[in-house]
Amino acid sequence: MARLIVTSHKDGKSTVGLDQSIPAVPFKSVPGFETAMVWGTASAPSVPWDGRNAADGRESVLPDVGETRLMRVTFPPDSSMMSADFDPAAAGAEYMSRIPGLAQRFEPDSPGMHTTDSVDYGILIEGEISLELDGGKTVALKPGDVVVQNGTRHAWRNPGTKPATLIFVLIGARRKEG
């Protein structure tokens, strides 16, 4: 299991302020899909660390302007949503409960497509996945690839047979009109 280590200060020296596991809690309605909200910062973070995780207790996984969120997401193969026992209504309800704020951005007529007011750094750490953009344009990613997603309409597609895990840093942004 992955760990979260947060450094701190004690008596003017650097130290470990937090060392804990990052829970991997799979979705019940979408086998193989997992999300973990790892960390968050306020819009004006300060040091030394005050002992709080700004992502805790938030109503939305999406950051406000200037805030950040660190998430780990594992995407199952797309075929898991094609099985006979897949229940889209149950999946939708679980998305709403587990990834609030983001789930409301999913487009009903184009599953998985969404747009957020954030700049997202996505790093593929395991598996293979494709980033889908408007017009069906896709970009295939391999482990180590980095995507800087600038508030554009997109979806993540896993056409393979194995899960794909990404680390995302979301930075809340102000959308310009025009």
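The values are calculated or read from the model by the stated rules, or taken from the named source; none is laboratory data. These numbers were taken from a predicted model, which means no experiment stands behind them. All Cβ positions, even for glycine, are placed from backbone atoms using ideal geometry, and neighbour counts span all protein chains on display. In case anyone asks, the SASA skips ligands and DNA or RNA and just uses the protein heavy atoms, side chains included. Shrake-Rupley method; radii C 1.70, N 1.55, O 1.52, S 1.80 Å.
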Quiz prompt | Residues within region 54-112 that are open to solvent by 30 Å² or more (accessible area, probe 1.4 Å), touching a Phe, Trp or Tyr at 6+ places or on another chain (Cβ under 9 Å) and among the basic types (Lys, Arg), tallied | solution = 2
Practice problem: Please list, ordered by first then second residue, the pairs with beta carbon atoms under 6 Å, 6 or more apart or interchain, first in region 158-178 and farther than 18 Å from Pro26 by Cβ and touching a residue at least 40 places away in the same chain (Cβ under 8 Å), second of a type in the set (Val, Ile, Thr) and not in a loop (DSSP other than H, G, I, E, B). | Solution: Ile171/Thr68; Ile171/Val119; Ala173/Val119
Practice problem: Return yes or no: is Gly151 out of contact with any Cys (no Cβ under 6 Å at 6 or more places or on another chain), open to solvent by less than 30 Å² (accessible area, probe 1.4 Å) and on the phi > 0 side of the Ramachandran plot? | Solution: yes
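Just to be sure before I move on: is Thr138 touching a Leu at 6+ places or on another chain (Cβ under 7 Å), under 29 Å from Lys28 (Cβ atoms) and open to solvent by 60 Å² or more (accessible area, probe 1.4 Å) in the structure I sent?
So Thr138 passes the test.
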Practice problem: Go through region 1-48 and give me each residue that's surrounded by 13 or more Cβ atoms within 10 Å (Cβ to Cβ), among the β-branched types (Val, Ile, Thr) and not in a strand (DSSP E or B). | Solution: Ile22, Val30
Quiz item: Residues in region 159-169: is at least one of a type in the set (Ser, Thr, Tyr) and either open to solvent by less than 50 Å² (accessible area, probe 1.4 Å) or part of a loop (DSSP other than H, G, I, E, B) (or both)?
Solution: yes
